[in-house]
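The values are calculated or read from the model by the stated rules, or taken from the named source; none is laboratory data. What you see is a predicted model; the values in this text were computed from it and never measured. Every residue, glycine as well, gets a Cβ built from its backbone with ideal geometry; the counts of neighbours run over all protein chains shown. Calculation scope for accessible area: heavy atoms of the full protein, side chains included, ligands and nucleic acids excluded. Shrake-Rupley method; radii C 1.70, N 1.55, O 1.52, S 1.80 Å.
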Amino acid sequence: LAQSLLALFASSLAISLVFAIIPLCHNVVVLAVVMAVAGLAMGCIDTISNMQLVKIYQKDSAIFLQALHFFVGFGALLSPLIADPFLSDTNCILANGTANASSNLPHIRKSLVPHHPGNLSHYDLPMKGMVVTRVSYAFWIMALINLPVPIAVFFLLYKERMVPCFNGSSHPLLSADELALETRPGDKDELNTAGQRSHMAAGHEDLFSCCQSKNFQGASFTYFAVHITGALVLFMTDGIVGEYSGFVYSYAVEEPLAVVHKVAGYLPSLFWGFITLGRLISIPVSYRMKPATMVFINVVGVLITFLLLLIFSSSVVFLFVGTASLGLFLSSTFPSMLAYTEDILQYKGCATTVLVTGAGIGEMVLQLLVGSIIHDRGSYSFLVCGMIFGCLAFTFYALLVFFHRMYPKPSPELDEASPGRAAEPEDTGQYQR
């Protein structure tokens, strides 16, 4: 826990520093290094926050994972709105030819569409002159907005008595047992005893304890298969999120749809808006529905949406409807998949790292793949790629269910000793102190 909190503190503080430094970078190599630091910090936060929620709440973690990822989507929706007032409507550099350059901007945007790059040599853009952009303020505002996060993590370290210089008389926060959902009165004593046994057995494990080779000794092939198929599902679904949000604008402005640029610009916002809405809806839904069922609904919904988008590919109205539908179905896939996989593997926390890594690789790789395919094959291949990825996600999910059925169930003794028994069908759903 101490290592995780220290890593969260360092990573969240690094993000504020990076956002403050970005406007001061006047060299592309320096900017690349700064952005790489930001990527590492965000990757640490993503992995550690998911892993700790799974370890603390165990069978109850699905609700908290949905809440966590709602705020991920909310941030993705909110940050462009913060930046928008500071973006220049004309060229960012004033010179003699600025008036002509500003009128050329819509044509330049159309020529820069990645499908068919046009010849930009006849457009005159000033490269020297007085810089008038105010976009730096957007980065500094985001740095200030993020600053309370490392402060809050430092406060948590202080309350847990993990700061060497401040080991005073502060009272630690609630223990893991107190954070668990309230159980039936008859199970309460048994749960406390079992929780103490498991806590004594596990102790404060090292952050990378799940990667040690001793944990793999005697593990069946289904143990590895569950990890791999779970990561592949998220490789596809998070890859779809990345490629769809990145290329739906370019797809819309091309033939046969030829949507007006300003209208097409609403599509990524609509997509992220419904991802955020879907995650908000999923918080209460996850309390009543099993994670496996939610993932099934998600992957089938994605598949059907892409099929309908292909059928009605010439309809602008259905492109907006399909974008909203796709965002809704993709919204809860990641947290539901995480809860489902960790439930199979008895909440060791190891699957979280594998799944987060698989999702991140998918988001990176599939954007590159789809971009190159669209460039060579045209805009229609954008939907074809999405359909293929949706089919693969469903296939990997079916394999995961198959390996789940083959995976050896824990012994009754292990099941009784698991703090995960805190969540029973008869739970009241209330929390206790």
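For region 122-129, the criterion of being at negative phi, modelled with pLDDT of 55 or more and out of contact with any Asp or Glu (no Cβ under 9 Å at 6 or more places or on another chain) is met by at least one residue. Helices (runs of 4 or more DSSP H) fully within region 1-90 that include at least 3 residues being hydrophobic (A, V, I, L, M, F, W, C), at pLDDT below 90 and crowded, with 18+ Cβ neighbours inside 10 Å: 28-57, 61-83.
Taking (1) modelled with pLDDT of 75 or more; (2) under 28 Å from the mean Cα position of the chain (by Cα) in turn, Leu181 satisfies each apart from (1). Selection of region 353-379 for residues being buried (at least 20 other Cβ atoms within 10 Å of the Cβ) and more than 20 Å from the chain's Cα centre (by Cα) yields Ile374, Ser379.
Take the conditions (1) surrounded by fewer than 18 Cβ atoms within 10 Å (Cβ to Cβ); (2) on the phi < 0 side of the Ramachandran plot; Met236 misses just one of them, which is (1).
Within region 329-375, the set of residues being touching a Gly at 6+ places or on another chain (Cβ under 7 Å) and free of Cβ contacts under 8 Å to residues at least 60 places away in the same chain comprises just one member, Phe329. Only a single item in (1) touching a Phe, Trp or Tyr at 6+ places or on another chain (Cβ under 8 Å); (2) touching a residue at least 40 places away in the same chain (Cβ under 8 Å) is not met by Phe318, and it is number (2). How many residues does region 279-306 hold that are among the aliphatic types (A, V, I, L, M) and open to solvent by 80 Å² or more (accessible area, probe 1.4 Å)? Residues in region 279-306 being among the aliphatic types (A, V, I, L, M) and open to solvent by 80 Å² or more (accessible area, probe 1.4 Å): 3 in total.
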